[in-house]
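Reading through the structure tokens given below for one structure.
Throughout, read-outs are computed from the coordinates displayed, never taken from laboratory work. All of these numbers come straight from a predicted model, not from anything done at the bench. Here the Cβ positions follow ideal geometry from the backbone for every residue, glycine too, while neighbour counts run over all protein chains shown.
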Number of protein chains: 2
Amino acid sequence: MAAAGAKGPVVVTGGAGAIGAVLVRALLAEGREVRVIDNLSGGRMEHLADIAADPRLSFLRADLSDPDRYQERFRGASEVWHLAANADIQKGTADPGIDLREGLLNAFRVMEAARNHGVAKLLFSSSSVVYGQPTVFPTPEGYGPLLPESIYGASKLSVEAFLSAFAHSYGLKTYLFRFANIIGPFMTHGVIYDFFEKLRRDPTRLEVLGDGRQAKSYLRSEDCVAGMIFVRDRAAAPVNVFNLGARDRISVREIAERVVAVHGGRARIEYTGGDRGWVGDVPQQLLDIAKVERLGWAPTLTSAGAVDRTIAELARERGVGR
Amino acid sequence: MAAAGAKGPVVVTGGAGAIGAVLVRALLAEGREVRVIDNLSGGRMEHLADIAADPRLSFLRADLSDPDRYQERFRGASEVWHLAANADIQKGTADPGIDLREGLLNAFRVMEAARNHGVAKLLFSSSSVVYGQPTVFPTPEGYGPLLPESIYGASKLSVEAFLSAFAHSYGLKTYLFRFANIIGPFMTHGVIYDFFEKLRRDPTRLEVLGDGRQAKSYLRSEDCVAGMIFVRDRAAAPVNVFNLGARDRISVREIAERVVAVHGGRARIEYTGGDRGWVGDVPQQLLDIAKVERLGWAPTLTSAGAVDRTIAELARERGVGR
């Protein structure tokens, strides 16, 4: 393990996940010592393969349910990025205990470990799903009531609530980032990934859940990470809540058409119908990002741009297309 | 145990608590079979003493952390009122695990038991503290962001979040009642009770936490219970969020002066200073009750009226005064 960087060591839970692996690179690029904790249930070591030899990077395979296994890593850390969580909303609906345990209870243990070790900043990957089905678009951070429709969303809002209380009760600063759909390298789920998987299994048809008119905003993970780091350095309230997304949105139908086009344009798109993809789905999502823009940061890509880059990357990776 | 009432049996967790005991009486008066579950950590059997012989009332002493001990009580119940929780905000700040376990985890177990037994309605005693330190007064249900400052408040918002998700994921109807300060019979804590206790120990002086300018709205528990039952019968969304409070507020200074007056007016009132009573205190609270009023219900007393009645009751009970 290397000596602490100028700003002190950083802990990243879920650092082997799709967003975590991008964040770890950005923190190393800042010159930080980065301590990853991941149980590899969703994350993969290969996401960190090309940086594994970096002496400032350490990796601990541990489950967050057992603080004794990992809380020593919090010693001397100046900030903790808590990204680890179940990422599969439908799994949480099938068994609500998953998001309770892996979402809230693990986050609570991370908060306690951070508090015990005097960590100054706790940063959390929340989600647009805390807004439930909002009636205001784009949806600002001050929107209420917050009535999430999925168990996953409930766990995100619960973690936000406890982070807010920890900030006010114990003095650490907290950062609640409400993500739009985050896409980019290292993906193992999500609509674009799923479409590629479906077309790999059957190149003649693409089944789309819902009527295809669900429309959301998409943000590349590199932009997402850059935005979080920007906010970390410039916002200093006890609780800092920021939406992170693109200014526009794109429909599932458009994404399906773009994925099919990359595959040669021959697959038939079939919609299962209904206004949402699954129980707990939020068919319309567009975050108001004026708050982070006022702070001085904006994403480099529109939703369509982020989707196109991700489709191109996946196609190249899989040898799909022209 | 008696046969089910016209509307089916009712489970009340925390039914031996100050609000629970008033609710149980109201449900019995409706002709319901009432099944109380209480661990008697805060509640007291004597609160139910005069109705203990009612054949429609049953009591189980059980801790909600152990569903096997109590979930049989949910069988055939048409509604579950979940009132049991730690009620001491400062205790939660000293040990945040208390509100996590007794607030959220126990509520989650109750939700699971309700879901497993096909209970139609789940009703929950939430709190104005979910609003954190709001910037809008009176504060409407749609206020955001929801950033509670106490661990107790975090647990209340977490339970709300999971109830919302349960409603949308599994079809039961949920009722989230955000309480102002509830006062009335059976109290074992709270500002008025505390003032009486302090004057019992030392009749010459009354120490008041903060500068006395904290001002909140107060609602009698009988009004609170009447409001909840009214809403239960008339609101039928998946998630029904309602503030319950008085239209006005009263300052801690005024309450202190009224309590001192009842005690003969001789005690010196001493303020500890600062704009709030303790870490996590919300010094200004006034809920917007227009939503429940539009539904057709309003409290019978102002905050001052509720405080005066409660002071008079406590004085009579303790043989205090003129």
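Here A:Glu270 yields copy-to-copy label distances, from shortest upward, of 8.1 nm, the label point defined as 7 Å from Cα along Cα to C-beta. Quick check: the angle from helix B:18-29's long axis to the longest principal axis of chain B, C-alpha only, nearest 10 degrees? Once rounded, the angle reads 50 degrees.
For segment A:155-227, dividing the convex hull volume of the Cα atoms by the residue count gives 131 Å³ per residue.
GNM remark for chain B: springs join alpha carbons under 10 Å apart, and the peak mean-square fluctuation among B:Ser221, B:Ser125, B:Ser169 falls on B:Ser169. Using only alpha-carbon positions in segment B:58-151, the gyration tensor eigenvalues give semi-axes of 28, 18, 10 Å once each is multiplied by 5 and square-rooted (largest first).
From least to most packed, judged by other beta carbons within 10 angstrom and beginning with the fewest, A:Glu33, B:Glu254 follow the order B:Glu254, A:Glu33.
Take each residue in B:136-146, count the other chain C-beta atoms within 10 Å of its C-beta, and the mean is 5. For A:Glu317, inter-copy separations between label points set 7 Å beyond Cα along the Cβ vector come to 6.4 nm, shortest first. Between helix B:221-234 and chain B, what is the angle of the helix's C-alpha long axis to the longest principal axis, kept within 0 to 90° and rounded to the nearest 10? So the helix axis and the longest Cα principal axis differ by about 30 degrees. Taking all Cα pairs closer than 8 Å and separated by 6 or more residues, the relative contact order of segment A:134-255 comes to 36 percent. Shortest first, A:Thr188 label-point distances to identical copies amount to 4.8 nm, with the label point at 7 Å from Cα along Cα→Cβ. Contact order for segment A:97-169, expressed relative to its length and based on alpha carbon pairs under 8 Å spaced 6+ residues apart, stands at 41 percent. For B:Thr300, B:Thr204, the sequence from fewest to most other C-beta atoms within 10 Å is B:Thr204, B:Thr300.
Taking other Cβ atoms within 10 Å as a rough exposure proxy, B:Lys91, B:Lys121, A:Lys216 sort from fewest to most as B:Lys91, B:Lys121, A:Lys216. Peptide A:148-157 is shielded by partner chain Cβ atoms: per residue, an average of 6 of them sit within 10 Å of its Cβ. For the segment A:43-53, counting C-beta atoms of other chains within 10 Å of every residue's C-beta and taking the mean gives 0.
Between the Cα long axis of helix A:106-116 and the first principal axis of chain A there is an angle of about 20°, rounded to the nearest 10.
Within the protein assembly as shown, the proportion of Cα pairs with more than 41 Å between them is 31 percent.
Is segment B:132-176 rounded, prolate or oblate when judged by the Cα gyration tensor, a ≥ b ≥ c being the square roots of its eigenvalues, rounded requiring a/c under 1.5 and prolate requiring a/b larger than b/c? Here segment B:132-176 falls in the oblate category. Put simply, the amide H of B:Glu149, placed in the peptide plane, has neighbours under 5 Å in B:Gly132, leaving out anything fewer than 5 places away on its chain. Of the cross-linked pairs A:Lys173/B:Lys156; A:Lys198/A:Lys291; A:Lys91/B:Lys91; A:Lys216/B:Lys121, those separated by over 27 Å at the C-alpha level are A:Lys198/A:Lys291; A:Lys91/B:Lys91; A:Lys216/B:Lys121. Here the protein assembly as shown carries DSSP beta bridges of which approximately 5% are antiparallel, counting only pairs with both residues inside.
Treating each Cα of segment A:61-218 as one equal point scatterer and applying the Debye formula with no solvent, the log10 of I(q)/I(0) at q = 0.10, 0.11, 0.17 Å⁻¹ comes out as -0.44, -0.52, -1.09. Contact order for segment B:51-182, expressed relative to its length and based on alpha carbon pairs under 8 Å spaced 6+ residues apart, stands at 28 percent. For segment A:1-133, the average shadow cast by the Cα convex hull is 8.2 nm², which is a quarter of the hull's surface. Of all the options A:Asn116, A:Asn243, A:Asn86, the one that moves most in a Gaussian network model of chain A with Cα springs shorter than 10 angstrom is A:Asn116. Calculated over segment A:1-62, the projected area of the Cα convex hull averaged across directions stands at 3.5 nm². Between A:Ala85, A:Ala298, A:Ala165, the Gaussian network model of chain A with springs among Cα atoms under 10 angstrom shows the greatest mean-square fluctuation at A:Ala165.
Among residues other than A:Arg309 whose Cβ falls under 13 Å from its Cβ, what is the net charge (Lys/Arg +1, Asp/Glu -1)? Within the 13 Å Cβ shell, the charges total -2.
Taking the Kirkwood radius as Rh and the Cα radius of gyration as Rg, chain B has a ratio of Rg/Rh equal to 0.96.
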